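Remarks on the structure that follows.
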Amino acid sequence: MISASLFGQKKNGIPSTNLESIVLGGGCYWCVEAVYENLYGVQSVVSGFSGGKTNNPSYYDVSSGKTGHAEVVQITYDKTVTNLDEIFKVFFTVHDPTTLNRQGADIGTQYRSVIFYKNENQKQAAQSIINSLKKAKVFDSPIVTTLEPFTKFYKAEEYHQNYYENNKNQPYCQMVIQPKLEKFEKVFKNRLKK
């Protein structure tokens with residue numbers, strides 16, 4: 001059987017050969033999702049869970065800290081417009097990679113700083129940026145971000161998708177997500193979606 005991808009299927013008008021995805025965990029997925037939805041070249045951001053043992057976990061299951069899953073986002077991007085280097089630079093700008101199993105008030109392994117690599121290229125690119133950040137002494141404390149092989153991604157419940165966009169006036173969005181967005185917009189102002 002011939003794969004449909006050989007015929008250049010498109011997603012949003014972009015040839016499938018130009019699309020790549022990566023799964024990242026940087027604390028609460030609402031925060032990470034809100035940032036990447038505004039990065040030029042990103043086609044979709046889906047909040048979910050990865051890295052655990054439980055099949056089809058719910059938000060409730062993962063928030064118990066017993067499944068081994070991390071809250072993550074699956075980012076699909078057009079590699080002719082953005083690249084892994086930029087994806088990782090944003091990642092290390094908008095979360096604290098030096099706090100083990102914690103981002104702010106969110107505590108537990110489900111909030112760990114993690115990159116789930118899908119191939120050797122992603123693994124090497126992630127290790128390279130971590131090495132560069134360490135060498136440049138960008139952070140006062142050691143980077144604890146883990147590199148883990150990607151196995152499976154489970155999409156979170158629908159009410160978790162586009163959370164910031166749908167709930168901008170909620171206190172969590174105002175106090176936690178908005179400052180991360182503002183930092184991202186300041187640092188990457190030339191790379192924002194118009």
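Amide H neighbours of residue 72 under 5 Å, at least 5 residues apart or on other chains, H built in the peptide plane: list them.
Amide H neighbours of residue 72: 48, 49, 50.
Can you compute the helix-only [θ] at 222 nm over the chain? Use -39500 (n - 2.57) per DSSP H run of at least 4 residues, normalise by all residues, nearest 500 deg cm²/dmol.
Details: 6 runs with 54 residues, N = 194.
Helix contribution divided over all residues of the chain: -8000 deg cm²/dmol.
List every DSSP H helix in the chain whose Cα atoms extend 18 Å or more along the helix's own long axis and whose mean Kyte-Doolittle hydropathy is at least -0.5. Don't jump to the answer; show the numbers that get you there.
Working: long enough: 120-135 (22 Å, -1.12).
Within the chain not a single helix satisfies the rule.
GNM on the chain, C-alpha springs below 10 Å: top fluctuator among 132, 21, 47?
132
Can you give the relative contact order of the chain as a percent, counting alpha carbon pairs under 8 Å and 6+ residues apart?
Values: 329 pairs, mean separation 54.4, N = 194.
After rounding, I find 28 percent.
Taking a cut-off of 19 Å between Cα atoms, list the lysines near residue 134, but don't count ones fewer than 8 places away on the same chain.
Partners within reach: 89, 123.
Sorted by accessible area with a 1.4 angstrom probe, largest first, how do 164, 172, 159 fall? Provide the component values of the computation, followed by the final result.
On the way: 164 20, 172 60, 159 140 Å².
Greatest to least solvent exposure: 159, 172, 164.
Where Lys and Arg each count +1 and Asp and Glu each count -1, what net charge lies around residue 68 among other residues with Cβ under 14 Å from its Cβ? Before the final figure, lay out each step's value.
Values: positive: 53, 66, 112, 152; negative: 61, 71, 148.
So the environment of residue 68 carries a net charge of +1.
Within 12 Å, Cβ to Cβ, of residue 108, how many net charges do the neighbouring residues add up to if Lys/Arg are +1 and Asp/Glu are -1? Can you show the working numbers first?
Numbers: positive: 66, 102, 112; negative: 71, 106.
Residues close to residue 108 contribute a combined charge of +1.
Sort 139, 116 from largest to smallest accessible area, using a 1.4 Å probe on the heavy atoms of the protein chains. Display every interim value, and only then the final one.
Numbers: 139 55, 116 0 Å².
Highest to lowest solvent-accessible surface, that is 139, 116.
Give, rounded to the nearest 20 debye, the magnitude of the charge dipole that segment 70-194 has about its Cα centre when Lys and Arg contribute +1 at Cβ and Asp and Glu contribute -1 at Cβ.
On the way: 19 positive and 14 negative charges, 82 e Å.
It comes to approximately 400 debye.
May I ask which of 152/183; 152/180; 79/193 have a Cα-Cα span longer than 19 Å here?
Numbers: 152/183 31 Å; 152/180 27 Å; 79/193 15 Å.
With Cα atoms farther than 19 Å apart: 152/183; 152/180.
Enter the accessible area of residue 59 (Å², nearest 10), with the probe set to 1.4 Å and all protein chains included.
Near enough 60 Å² of accessible area.
Please compute, for the alpha-carbon atoms of segment 33-118, the extent along each of the three principal axes and give them in descending order in Å.
Computed over segment 33-118, the largest-to-smallest principal extents equal 39, 28, 21 Å.
Please give the solvent-accessible surface of residue 138 in Å², to the nearest 10, using a probe radius of 1.4 Å with every protein chain present.
Rounded to the nearest 10, the figure is 80 Å².
The values are calculated or read from the model by the stated rules, or taken from the named source; none is laboratory data. Every value quoted in this text rests on a predicted model; they were computed, and no experiment measured them. Virtual Cβ from ideal backbone geometry, glycine too; neighbours counted across all protein chains shown. Quick note on the areas: whole protein, heavy atoms, side chains included, nothing else; ligands and nucleic acids left out. Shrake-Rupley method; radii C 1.70, N 1.55, O 1.52, S 1.80 Å.
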